[in-house]
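> First the structure, which I've put down as C-alpha cells, then a few questions once you've had a look.
The values are calculated or read from the model by the stated rules, or taken from the named source; none is laboratory data. Here the structure is a predicted model, which means the values were calculated and not measured. Ideal geometry is used to build each Cβ from the backbone, glycine not excepted, and the neighbour counts take in all protein chains shown.
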C-alpha cells in the first residue's frame, strides 16, 4: 500500500512487528514517556482500549504490537495529528484493529459512549496554564500545556468511558502527584500501582507512571523505580527491553 508522506514529515521505525509511524518534527514527535506508558500498561487479551489525546497514534500502535487487545481507539483534537495517525494506521495495515477519531477528549463519553472501554490510557499535557510556556508552535503547546483540557477533564472522561472495574493508565510529572491522586479518587479511579522514573540513578524522578482502577479498593503498590540512563547516552537494559531488544544489537556489552 502506498501511503502519502507529506513535505516535512518523516517515517520512523518503531522496532515492533516492522511498524512505522509518520511524524513531523516541526509540529510534535512522541517521546520516551509514551513508550514507557505502553510498557507499564497491563492489557488483557480481548480488551477494548481508548487512548485519550493520542497525537500521531504512537500509544495505540505500540499497544497493538505489544498486547492482545481486541480493538484500540485513539481520540485526538488536532486534525493534523489525527490525519498522521490515520495514515500510520493504514501504513501498518491496522485499520481493522485501530480507529482514530477526531474530537475533544472533554467530550469522550459523548463521542464514544459511557462504560464501553476496558482500558483507557493517556499521556496528557503536563504543564499548568502559562508554566514554562514559550509560545511558537501551537501543536507543541497543546500537547504540553493544559490549554485545551485539564487533568480534571482527563480523569472525568476516563472514569465515564471505562467499564466498572476498568483500568486507567497515565504518565505524568511527580510534582503534581498530590493533585493527580486527589482528582483520580474524586472520580472513582483508585490508584493501584505507581512507578517513578529517574533519568539517572542519582537524579530525582521526572516522570511517574500510574495505574488506577474504576471502583477499586484503597490499596496501592509502589514498584521499583525505573532508571532511564546508566550513563549519558546509554539506556539501561530495562529501557532497551521496553523499546525492543532486537533493535539494539549494538548496545554496549558488560
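> (1) in contact (Cβ under 8 Å) with a residue 60 or more places away in the chain; (2) closer than 25 Å to residue 242 by Cα: which one isn't true of residue 3, the others all being true?
Condition (2) is where residue 3 drops out.
> Continuing with this model, one more query. In segment 146-157, is there at least one residue being buried (at least 16 other Cβ atoms within 10 Å of the Cβ), outside any helix (DSSP H, G or I) and modelled with pLDDT of 95 or more?
Scanning segment 146-157 turns up no residue that is buried (at least 16 other Cβ atoms within 10 Å of the Cβ), outside any helix (DSSP H, G or I) and modelled with pLDDT of 95 or more.
> Can you list the strands (runs of 3 or more DSSP E) found entirely within segment 184-240 that contain at least 2 residues being buried (at least 19 other Cβ atoms within 10 Å of the Cβ)? Explain how you work it out, then say what you get.
Numbers: elements: 189-198, 207-214, 229-231.
Filter on segment 184-240 gives 189-198, 207-214.
> I'd like the residue in segment 168-183 that is touching a strand residue (DSSP E or B) at 6+ places or on another chain (Cβ under 9 Å) and assigned to a helix (DSSP H, G or I) and, out of all such residues, is surrounded by the most Cβ atoms within 10 Å (Cβ to Cβ).
Among them, the one singled out is 180.
> Could you tell me whether residue 3 is more than 17 Å from residue 169 (Cα to Cα), touching a helix residue (DSSP H, G or I) at 6+ places or on another chain (Cβ under 6 Å) and in a loop (DSSP other than H, G, I, E, B)?
Values: more than 17 Å from residue 169 (Cα to Cα): yes; touching a helix residue (DSSP H, G or I) at 6+ places or on another chain (Cβ under 6 Å): yes; in a loop (DSSP other than H, G, I, E, B): yes.
Spelling it out, residue 3 is indeed more than 17 Å from residue 169 (Cα to Cα), touching a helix residue (DSSP H, G or I) at 6+ places or on another chain (Cβ under 6 Å) and in a loop (DSSP other than H, G, I, E, B).
> Give the residues of segment 78-118 that are touching a residue at least 12 places away in the same chain (Cβ under 8 Å), out of contact with any helix residue (DSSP H, G or I) (no Cβ under 9 Å at 6 or more places or on another chain) and over 25 Å from residue 162 (Cβ atoms), sorted by residue number.
If the condition is that a residue be touching a residue at least 12 places away in the same chain (Cβ under 8 Å), out of contact with any helix residue (DSSP H, G or I) (no Cβ under 9 Å at 6 or more places or on another chain) and over 25 Å from residue 162 (Cβ atoms), then 79, 84, 87, 90, 91, 93 are the ones that fit.
> Here's something else I'd like to know. If you go through segment 37-47 one residue at a time, do you hit one that is on the phi > 0 side of the Ramachandran plot and in contact (Cβ under 8 Å) with a residue 24 or more places away in the chain?
yes
> Residues that are farther than 22 Å from residue 207 by Cβ: which helices (runs of 4 or more DSSP H) entirely in segment 14-114 hold 3 or more of them? If you could, list the steps in order and put the result at the bottom.
Values: elements: 32-40, 58-66, 79-91, 108-112.
Ranges flagged: 79-91, 108-112.
> If a residue must be closer than 24 Å to residue 43 by Cα and either in contact (Cβ under 8 Å) with a residue 40 or more places away in the chain or over 16 Å from the mean Cα position of the chain (by Cα) (or both), how many such residues does segment 194-232 contain?
Applying the first criterion (closer than 24 Å to residue 43 by Cα) to segment 194-232 yields 194-197, 207-228.
If we keep only those that are either in contact (Cβ under 8 Å) with a residue 40 or more places away in the chain or over 16 Å from the mean Cα position of the chain (by Cα) (or both) too, we end up with 195, 197, 207, 209-228.
The total comes to 23.
> When segment 180-203 is examined, which residues are found to be touching a helix residue (DSSP H, G or I) at 6+ places or on another chain (Cβ under 8 Å) and over 12 Å from residue 168 (Cβ atoms)?
186, 195, 196, 197
> Separate question: Just a yes or no: is a residue in segment 45-52 surrounded by fewer than 24 Cβ atoms within 10 Å (Cβ to Cβ) and in contact with a strand residue (DSSP E or B) (Cβ under 6 Å, 6 or more places away or on another chain)?
There is at least one residue in segment 45-52 that is surrounded by fewer than 24 Cβ atoms within 10 Å (Cβ to Cβ) and in contact with a strand residue (DSSP E or B) (Cβ under 6 Å, 6 or more places away or on another chain).
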